[in-house]
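Pasting a structure below so you can have a look.
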Amino acid sequence: MHHRTAPARRPAALVAVGHGSRDPRARATLLRLLDRVRALRPGLDVRLAHIELNAPLLDETLADLAADGREAVLVPLLFAPGHHVTHDLPAAVAAVPGLRARVAAPLGAHPLLAEALAGRLAEAGWSPDGHPDAHDPRTTGVVLAAAGSRDPRSGAETRRIAALLGERLGGVPVVPAYASAAAPTVPGAVAALAARGRHRIAVASCFTAPGLFAARAAAHAPWIAAAPLGAHPALARLVLHRHDRALAASAALHGRELAVV
């Protein structure tokens, strides 16, 4: 008697979720980032989706995956647990009946993110040891420009990112600043550093892609402004890390459920 073997289940797709932007460079930048992710993990189904403003939208992408009987891991291309991560993404998953999906943690405070931020600062003119040219390092400082959120967890995570970047730069003070919904603003953070005698101030861009917030932050830089993180190799590795952690957590949870049964 021959037993028919069940077809192998296809691996879960990695759905990288961007916010969406009216800046036409944003979508192109995220596509380049995901090309790097695919190069790191050949064979992985990697898709881009957006919460708003750009196609493909997240609900359409999830509906397509459900129609194909696929599973998904949503990786937010966001840096902290604000409303989009804690509400919008789980709601989008819940709105697609039968879809098996999990939402990964935001990119967040991680050495790979600090590596990407420091790399973009170096490209803008920050020297490798964190001390620009021959100037007194006691006069230098960095403003970490981020989107901002009313969720206190978001501010806490951004402060952790700033601390990691400061360590990466050899102890230079890094002050978080926000484009919306939270204080201080970039000019406010610049003023705070200047009040501490830090007059040679760089702006680090905690944004994945060009857009209004990133442009406004850069415009307030007294000295140099780093480009958005874009397709930085360390950011691509971090996207995969968040994907892998979400899959591992899901597998562990499934194992515990089987043990209970």
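Tilt of helix 186-195 relative to the longest C-alpha principal axis of the chain, in degrees (0 to 90, nearest 10)?
The helix 186-195 is inclined about 40 degrees to the chain.
Please compute the Kirkwood hydrodynamic radius of segment 1-90 from all pairs of different C-alpha atoms, in Å with one decimal.
14.4
Something else now. Can you give me the Kirkwood hydrodynamic radius for segment 183-243, using every pair of distinct Cα atoms, in Å to one decimal?
12.8
Any idea how far apart Arg100 and Ala194 come out in nm if each label point goes 7 Å out from Cα toward Cβ?
Distance between the two pseudo-spin positions: 5.7 nm.
Can you tell me the 0 to 90 degree angle between the C-alpha axis of helix 58-67 and the longest principal axis of the chain, rounded to 10?
Between the helix axis and the principal axis of the chain, the angle is about 20 degrees.
Placing one identical point scatterer on every Cα of segment 10-153 and ignoring solvent, what is log10 I(q)/I(0) from the Debye formula at q = 0.11, 0.14, 0.17, 0.20 Å⁻¹?
-0.51, -0.76, -1.03, -1.30
Output the 0 to 90 degree angle, nearest 10, between the alpha-carbon long axis of helix 111-124 and the longest principal axis computed from the alpha carbons of the chain.
Helix 111-124 sits roughly 50 degrees off the main axis of the chain.
Taking all protein chains in place and a 1.4 Å probe, what share, in percent, of the accessible surface of segment 68-183 do carbon and sulfur account for?
Carbon and sulfur atoms account for 55 percent of the accessible area of segment 68-183.
Please list 3J(HN,Hα) in residue order for segment 27-34, calculated via the Karplus relation 6.51 cos²θ - 1.76 cosθ + 1.60 where θ = phi - 60°; whole Hz, with x for glycine and proline.
For segment 27-34, the Karplus-derived couplings read 4, 4, 5, 5, 4, 5, 4, 6 Hz, x marking Gly and Pro.
Of all the C-alpha pairs in segment 76-208, what % are more than 18 Å from each other?
It works out to 55 percent of all Cα pairs.
Take segment 166-209, compute every pairwise Cα distance, and split them into 10 Å bins from 0; I just need the percent in each bin.
In whole percents, the pair-distance histogram is 26, 54, 20, 1.
Considering amide H positions built from the backbone, and no H for Pro or chain starts, which residues 5 or more places from Ser127, or on another chain, come under 5 Å of its amide H?
Asp133
Got a number for the accessible area of Glu115? Probe 1.4 Å, square angstrom, nearest 10.
The value for Glu115 is about 50 Å².
Taking the full set of protein chains and a 1.4 angstrom probe, give the accessible area of Arg237 in square angstrom, rounded to the nearest 10.
100
List the residues, sorted by chain then number, that are 5 or more residues from Asp45 or on another chain and whose placed amide H is less than 5 Å from its amide H.
Distant-sequence amide H within range of Asp45: Leu14.
Under the Karplus relation 6.51 cos²θ - 1.76 cosθ + 1.60, θ = phi - 60°, what is the ordered set of whole-Hz ³J(HN,Hα) values for segment 141-148, x standing for Gly and Pro?
x, 10, 9, 8, 8, 10, 5, x
Per residue of the chain, what 222 nm ellipticity follows from adding -39500 (n - 2.57) for every DSSP H run with n ≥ 4, rounded to the nearest 500?
Working: 8 runs with 110 residues, N = 261.
Computed ellipticity for the chain at 222 nm equals -13500 deg cm²/dmol.
Mind checking the alpha-carbon convex hull of the chain and giving the volume per residue in Å³?
Spread over its residues, the Cα hull of the chain gives 146 Å³ apiece.
Can you list residues from other chains, or at least 5 along the same chain, whose modelled amide H is less than 5 Å from the amide H of Leu144?
Excluding prolines and chain starts, which carry no amide H, the hits are Val175, Ala177, Ala204.
When the expected Rg is taken as 2.2 N^0.38 Å, what fraction or multiple of it is the alpha-carbon Rg of segment 54-131?
Scaled against compact globular proteins, the figure is 1.49.
The values are calculated or read from the model by the stated rules, or taken from the named source; none is laboratory data. Keep in mind the model is a prediction, meaning the values are calculated, not measured. Cβ sites come from the backbone with ideal geometry, for glycine too, and all protein chains shown count toward neighbours. For the accessible areas, the whole protein counts, side chains as well, though only heavy atoms, and no ligand, DNA or RNA atoms are used. Shrake-Rupley method; radii C 1.70, N 1.55, O 1.52, S 1.80 Å.
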